[in-house]
Amino acid sequence: MPGGRARVDWSLVTERTLVSQLQSREDGPVRVSGWVETVRDQKKVQFVILRDETGAVQLVNPATRPDPDATEQDASALALTALISELSTGTFLTVTGDLKHDERVKLGGVEIKIAGLEIAAAALPETPIAADSGLDKRMDWRFIDLRQRRNNLVFRIQTTLEHAMRSYWVERDYVEIHSPKLMSTPAEGNAELFALEYFGDQTAYLAQSPQHFKQMAQAAGFGKVFEIGDVFRADPSFTSRHATEFTSIDAELSWIDSYEDVAAMQEELLAVAFQAVADKHGDEIKELFDIDVVVPTVPFPRIPLAEAREIVKARGYDIPRTDGDLDPEGERQISAHVQETYGHQFVFITDYHPEIRPFYHMRNAETGLTASYDLLFRGTEITTGAQREHRIDVLEAQAVEKGLSLEGLEHYLDFFRYGVPPHGGFGMGLARVLMLMLGQDSIREVTFLFRGPTRLAP
């Protein structure tokens, strides 16, 4: 209709009842869709557990079997019984029938007596993975693995977590950015980079972080920005907490006086996000993961790195690293100390030596240490944050000190040649937060499709 509004034929719009809505409906006709979780094909009655994205419901059918002695049998009842008998786990279907509330039914107190059944897509009878399959095999068949209620829940938690963080920032006038993942120069040095051929004789690099672009936004006068997006690390590591592609949660803000401004924002952000997860999913997390979501109190404990190393040593562990940083066991030890001393699952480790920090971290004029921190959660580092160096002469000197080419950093350094306010920010790994929140042993368990040195599919 020119100049008017198009009409919608509502008869063509699918009306679908979700399993989670069944308890609130009255007894009577209903239509639900999902996939077959289990079939119990008994002589006199058939039970099917149908699951959709919101839950599971029991379907029941009084079985009609062929009877050679019967003079006449209901052909449609025979066909329905035969069809149910042949259902495979994972088959997607739509069922119509009569909803009945019955408190004796363990699965939600409702069941559906099947009137009709329409198969959308039949599954092969032999499922390639089982409940006791190893993690690698489960990753090979991730789309089937994710049908499990427990695994499915992870990504509902992820959605709630991200939404809460976005809401926190948006309510405080942060600007969401989407930085490019193709870069002409390395973001933070020449290590751990994926290089690829670009048009002509150009070489492009997959972004290790949005760091340079977050800082560009400060030079552009954005003030406060955030990004939730993928980053890439050519790190041939096979640990439980590393991936070659992962989702990074980043924020940057202007006009700060210290890295404490960044840390204070991050701890408040996490408290808000954890509260949202606890409110929406706490009971289900307890049921399926046996984990209580603990909403952290603020402020989080803060311990300088040098002091943390001494505490770890006093606990009987000698850190083997020679660069002055904590190793994974050291992180676990200092976190155990914080839990025992302060009853807290988070701790900021502060004041890192510049040798183990990027060139763009500001340094304390008195101590020579960087104005930076790592945030540990349940014994594992999830964040690096810092005040950035915004003075061009100091920044260039620190880059040269690190052995970086100023020519290769020209685009980045231009931000600072034309003015940039004092600023800082952090980057946080989403998968690590989820892994630790849910008490999992590997980020693979909480990543939709994991990418590592030996995994590019599915």
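The values are calculated or read from the model by the stated rules, or taken from the named source; none is laboratory data. In this text, all values refer to a predicted model and were calculated from it rather than measured experimentally. Reconstructed Cβ throughout: ideal geometry from the backbone, glycine too, with neighbour counts over all protein chains shown.
For the stretch 188-202, which residues satisfy the criterion of being part of a loop (DSSP other than H, G, I, E, B) and either farther than 22 Å from Gly229 by Cβ or modelled with pLDDT of 80 or more (or both)?
Here is the first cut: in the stretch 188-202, the residues part of a loop (DSSP other than H, G, I, E, B) are 188-194, 198-202.
Selection gives Asn190, Glu192, Leu193, Phe194, Tyr198, Phe199, Gly200, Asp201, Gln202.
Taking the stretch 380-409 as the search range and keeping residues that are of a type in the set (Asp, Glu), touching a residue at least 12 places away in the same chain (Cβ under 8 Å) and over 30 Å from Arg432 (Cα atoms), which one is surrounded by the fewest Cβ atoms within 10 Å (Cβ to Cβ)?
Step one: list which residues in the stretch 380-409 are of a type in the set (Asp, Glu), which gives 381, 389, 393, 396, 401, 407.
Then drop every residue that is not touching a residue at least 12 places away in the same chain (Cβ under 8 Å), which leaves 381, 389, 396, 401.
Going one step further and asking which of them are over 30 Å from Arg432 (Cα atoms), we end up with 396, 401.
Values: Glu396: 18, Glu401: 11.
The residue in question is Glu401.
Residue-wise test of (1) within 15 Å of Gly90 (Cα to Cα); (2) at pLDDT below 95; (3) in contact with a Leu (Cβ under 6 Å, 6 or more places away or on another chain); (4) loosely packed, with under 13 Cβ neighbours inside 10 Å.
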| residue | (1), (2), (3), (4) |
| --- | --- |
| Gly4 | no, yes, no, yes |
| Asp9 | no, yes, no, yes |
| Leu12 | no, yes, no, yes |
| Trp35 | yes, no, no, no |
| Val45 | no, no, no, yes |
| Ala77 | no, yes, no, no |
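Among the candidates Ala264, Ala273, Ala251, which residue alone is of a type outside the set (Val, Ile, Thr), assigned to a helix (DSSP H, G or I) and crowded, with 18+ Cβ neighbours inside 10 Å? Steps first, answer last, please.
Numbers: Ala264 fails: crowded, with 18+ Cβ neighbours inside 10 Å; Ala251 fails: assigned to a helix (DSSP H, G or I).
Selected residue: Ala273, the only one of Ala264, Ala273, Ala251 that is of a type outside the set (Val, Ile, Thr), assigned to a helix (DSSP H, G or I) and crowded, with 18+ Cβ neighbours inside 10 Å.
From the list Glu331, Glu307, Glu287, exactly one residue is of a type outside the set (S, T, N, Q), over 22 Å from Gln398 (Cβ atoms) and in contact with a strand residue (DSSP E or B) (Cβ under 7 Å, 6 or more places away or on another chain). Which is it? If you could, list the steps in order and put the result at the bottom.
Numbers: Glu307 fails: in contact with a strand residue (DSSP E or B) (Cβ under 7 Å, 6 or more places away or on another chain); Glu287 fails: in contact with a strand residue (DSSP E or B) (Cβ under 7 Å, 6 or more places away or on another chain).
When all the criteria are applied, what remains is Glu331.
Could you count how many residues in the stretch 273-319 are farther than 30 Å from Gly368 by Cβ, small (Gly, Ala, Ser) and touching a residue at least 40 places away in the same chain (Cβ under 8 Å)?
Qualifying residue count for the region: 2.
Matching residues to (1) acidic (Asp, Glu); (2) over 24 Å from Phe426 (Cα atoms):
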| site | (1), (2) |
| --- | --- |
| Ala251 | no, no |
| Asp283 | yes, yes |
| Thr297 | no, no |
| Pro304 | no, no |
| Glu307 | yes, no |
| Glu310 | yes, yes |
| Ile319 | no, yes |
| Gln339 | no, no |
| Ile349 | no, no |
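Is it true that Val95 is under 30 Å from Ala276 (Cα atoms) and out of contact with any Lys or Arg (no Cβ under 6 Å at 6 or more places or on another chain)? Walk me through how you get there before you give the answer.
Details: under 30 Å from Ala276 (Cα atoms): no; out of contact with any Lys or Arg (no Cβ under 6 Å at 6 or more places or on another chain): yes.
Spelling it out, it is not the case that Val95 is under 30 Å from Ala276 (Cα atoms) and out of contact with any Lys or Arg (no Cβ under 6 Å at 6 or more places or on another chain).
Conditions first: (1) touching a Gly at 6+ places or on another chain (Cβ under 6 Å); (2) closer than 30 Å to His411 by Cα; (3) not in a loop (DSSP other than H, G, I, E, B). Thr185 passes all but one, so which condition is the exception?
Evaluating Thr185 over (1) touching a Gly at 6+ places or on another chain (Cβ under 6 Å); (2) closer than 30 Å to His411 by Cα; (3) not in a loop (DSSP other than H, G, I, E, B) leaves (3) as the failure.
Which members of the stretch 56-104 meet the condition of being touching a helix residue (DSSP H, G or I) at 6+ places or on another chain (Cβ under 7 Å) and in contact (Cβ under 8 Å) with a residue 60 or more places away in the chain?
Those that are touching a helix residue (DSSP H, G or I) at 6+ places or on another chain (Cβ under 7 Å) and in contact (Cβ under 8 Å) with a residue 60 or more places away in the chain: Ala56, Leu99.
So that you can scan it fast, the table gives a plain yes or no per residue for (1) under 24 Å from Asp323 (Cα atoms); (2) surrounded by fewer than 16 Cβ atoms within 10 Å (Cβ to Cβ):
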| residue | (1), (2) |
| --- | --- |
| His212 | no, no |
| Gly221 | no, yes |
| Thr239 | yes, yes |
| Leu288 | no, no |
| Val312 | yes, no |
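Of the numbered conditions (1) β-branched (Val, Ile, Thr); (2) more than 17 Å from Lys43 (Cα to Cα); (3) part of a loop (DSSP other than H, G, I, E, B), Thr64 fails exactly one; give the number of that condition.
(2)
Out of the residues in the stretch 213-249 that are hydroxyl-bearing (Ser, Thr, Tyr) and at pLDDT below 95, state the one that is nearest to Leu430 (Cα to Cα).
Here is the first cut: in the stretch 213-249, the ones hydroxyl-bearing (Ser, Thr, Tyr) are 237, 239-240, 244, 247-248.
Keeping just the survivors that are at pLDDT below 95 gives 237, 239-240.
Values: Ser237: 18, Thr239: 16, Ser240: 14 Å.
Filtering first and then ranking leaves Ser240.
Which one of these is of a type in the set (Val, Ile, Thr) and closer than 24 Å to His361 by Cβ: Val277, Val293, Val262? Break it down into steps so the answer makes sense when it comes.
Details: Val277 fails: closer than 24 Å to His361 by Cβ; Val293 fails: closer than 24 Å to His361 by Cβ.
Sole residue among the options that is of a type in the set (Val, Ile, Thr) and closer than 24 Å to His361 by Cβ: Val262.
Answer yes or no as to whether Ala130 is exposed (fewer than 14 other Cβ atoms within 10 Å of the Cβ), hydrophobic (A, V, I, L, M, F, W, C) and assigned to a loop (DSSP other than H, G, I, E, B). First the steps, then the outcome.
On the way: exposed (fewer than 14 other Cβ atoms within 10 Å of the Cβ): yes; hydrophobic (A, V, I, L, M, F, W, C): yes; assigned to a loop (DSSP other than H, G, I, E, B): yes.
Criteria met by Ala130.
Filter the stretch 136-172 down to the residues that are assigned to a helix (DSSP H, G or I), surrounded by 13 or more Cβ atoms within 10 Å (Cβ to Cβ) and hydrophobic (A, V, I, L, M, F, W, C) and list them by number.
Met139, Ile144, Leu153, Val154, Phe155, Ile157, Leu161, Ala164, Met165, Trp169
Quick one: which helices (runs of 4 or more DSSP H) sit completely within the stretch 361-458 and have at least 1 residues that are within 24 Å of Ala234 (Cα to Cα) and more than 30 Å from the chain's Cα centre (by Cα)? Break it down into steps so the answer makes sense when it comes.
Numbers: elements: 392-401, 410-417, 430-437.
Output list reads 392-401, 410-417.
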